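The values are calculated or read from the model by the stated rules, or taken from the named source; none is laboratory data. Computed from a predicted structure; not experimentally measured. Glycine also receives a Cβ, built like all others from the backbone with ideal geometry; neighbour counts cover every protein chain displayed. Heavy atoms of the whole protein, side chains included, go into the accessibility calculation; ligands, DNA and RNA do not. Shrake-Rupley method; radii C 1.70, N 1.55, O 1.52, S 1.80 Å.
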Amino acid sequence: MVDKQIGNNEDDELIEDAAELLKTGVFKNDLNLRKTITMFQRRFRIGWNRGFNLARVLRERSLLVNPIVDEEIADELQQKADVKQMMENGVFTE
């Protein structure tokens with residue numbers, strides 16, 4: 001439980017730092033999703049999944065305003081939902 005709380009605090013700090021960099025213009029807000037995640041990975045030394053989640057959270061909070069990224073995040077989430085549904089239906093196994 002303590003590890004999860006530390007993880008949440010780290011995520012909150014990461015979100016705050018990324019939001020500040022977007023507001024100041026250090027981060028570009030006109031990239032596609034893959035380039036945006038790469039930018040986050042390099043700046044914060046995080047993996048792809050955390051970079052994706054960071055982009056998703058920033059988009060939900062209207063801090064990352066980019067129609068290209070919006071569409072690509074929606075596509076990525078739909079693909080994950082499709083795979084989960086297939087696994088539940090027995091098409092795929094873990």
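Can you find, among F40, I73, A55, the residue sitting farthest towards the positive end of the charge dipole of the chain, where Lys and Arg contribute +1 and Asp and Glu -1 at Cβ?
F40
What does a probe at D11 reach in the stretch 52-94, counting residues whose amide N is under 13 Å from the point 7 Å along Cα→Cβ?
52-58
If you place +1 on the Cβ of every Lys and Arg, -1 on the Cβ of every Asp and Glu, and leave all else neutral, what size is the dipole of the chain about its Cα centre, to the nearest 20 Debye?
Values: 14 positive and 18 negative charges, 72 e Å.
It comes to approximately 340 debye.
D for the chain, whole µm²/s, Stokes-Einstein with Kirkwood Rh over alpha-carbon pairs at 25 °C and 0.890 mPa s: what number?
Using the Kirkwood radius from Cα pairs, D works out to 170 µm²/s.
Take each of the peptides 72-79, 26-33, average the number of other beta-carbon atoms within 10 Å over its residues, and list them starting from the highest. Display every interim value, and only then the final one.
Values: 72-79: 13.2, 26-33: 14.9.
Ranked from most to least packed, the peptides come out as 26-33, 72-79.
Given the DSSP H assignment, sum -39500 (n - 2.57) over each helix run of at least 4 residues in the chain and divide by its residue total; what's the result at 222 nm in deg cm²/dmol, nearest 500?
Working: 4 runs with 70 residues, N = 94.
Helix contribution divided over all residues of the chain: -25000 deg cm²/dmol.
Roughly how many Å² is the accessible area per residue of the chain, as a whole number, for a 1.4 Å probe?
Values: 6860 Å² over 94 residues.
For the chain, the solvent-accessible area averages 73 Å² per residue.
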